[in-house]
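A.B. asks: Once you've had a glance at the structure underneath, I'll fire off some questions.
The values are calculated or read from the model by the stated rules, or taken from the named source; none is laboratory data. The shown structure was predicted, so the numbers you read here are calculated from the model rather than taken from an experiment. Cβ atoms come from the backbone with ideal geometry, glycine included; neighbour counts cover every protein chain shown.
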Amino acid sequence: MSGIVGVPLRPLPDRVAELLSRLECPPRLAAHLRAVHDVAHQLVEWVGQHCPALALDREAVLFGAATHDIGKTVHVSELSGPGAAHEEAGRTLLLRCGVSPEFARFAATHASWAEPGAGLEDLLVSLADKVWKNRRVPDLEDRVVTRLAEAAGRAAWEEFIALDEVLSRIGDEADERLAFQASFPIHG
């Protein structure tokens, strides 16, 4: 998958690309995972620059974003319709493929970011899965702002302004990412 005009997307990690190939991942799903992974990459780079002292498992976020919907290889109807069966199925599938529970969890947690115990990494994967298409979710963003403010020792309003700026910039490229995803067939 090449980049799209104006918005080059980072390639998926080799480990993920091999996994998707082995699972015969539908092309549109692979394109979606690549778009969300690219946004997650932008988010972790920004967090690293904005809060350099914050302990963040960057590799986990990137892997989680690149595999969060992998359960849709099993629940193919959820590629074009609603459903949540892919979440637990994805976690189980990743575990069967030898992925550690710490990395496999994102397949199950990407839609349950409001649950107690959701870490910053979980929130960032969920946020990437929303903002890639310029969908803003205030409660999710507030949770990220709270974590950043606590870690940086800054006021929540300062963190909100900074996060809003980066999410707006990312959202400005949503049409290109959506066009990229739509250029691939749902089924192989």
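A.B. asks: For segment 46-61, does any single residue satisfy the condition of being under 19 Å from Arg177 (Cα atoms), aliphatic (A, V, I, L, M) and assigned to a helix (DSSP H, G or I)?
C.D. replies: no
A.B. asks: Of the residues that sit in segment 114-125 and are without any contact (Cβ under 8 Å) to a residue 12 or more places away in the chain and more than 19 Å from Thr92 (Cβ to Cβ), which one is surrounded by the fewest Cβ atoms within 10 Å (Cβ to Cβ)?
C.D. replies: Going through segment 114-125, the residues without any contact (Cβ under 8 Å) to a residue 12 or more places away in the chain turn out to be 115-117, 119.
Narrowing further to those that are more than 19 Å from Thr92 (Cβ to Cβ): 116-117, 119.
Details: Pro116: 4, Gly117: 7, Gly119: 16.
My answer is Pro116.
A.B. asks: Looking for whichever is among the aliphatic types (A, V, I, L, M), part of a loop (DSSP other than H, G, I, E, B), under 17 Å from the mean Cα position of the chain (by Cα) and surrounded by 15 or more Cβ atoms within 10 Å (Cβ to Cβ) here; the options are Ala107, Ala111, Ala128. Which one fits?
C.D. replies: Step by step, each of Ala107, Ala111, Ala128 is checked, and only Ala111 is among the aliphatic types (A, V, I, L, M), part of a loop (DSSP other than H, G, I, E, B), under 17 Å from the mean Cα position of the chain (by Cα) and surrounded by 15 or more Cβ atoms within 10 Å (Cβ to Cβ).
A.B. asks: Conditions first: (1) over 25 Å from Ala179 (Cα atoms); (2) modelled with pLDDT under 95. His110 passes all but one, so which condition is the exception?
C.D. replies: (1)
A.B. asks: Something else about it: I'd like to verify a number: residues in segment 34-75 that are surrounded by 20 or more Cβ atoms within 10 Å (Cβ to Cβ) and acidic (Asp, Glu), how many?
C.D. replies: The qualifying residues number 2.
A.B. asks: Name the single residue, out of those in segment 76-104 being at pLDDT 95 or above, of a type in the set (Gly, Ala, Ser) and in a loop (DSSP other than H, G, I, E, B), that is surrounded by the most Cβ atoms within 10 Å (Cβ to Cβ).
C.D. replies: This residue is Ser100.
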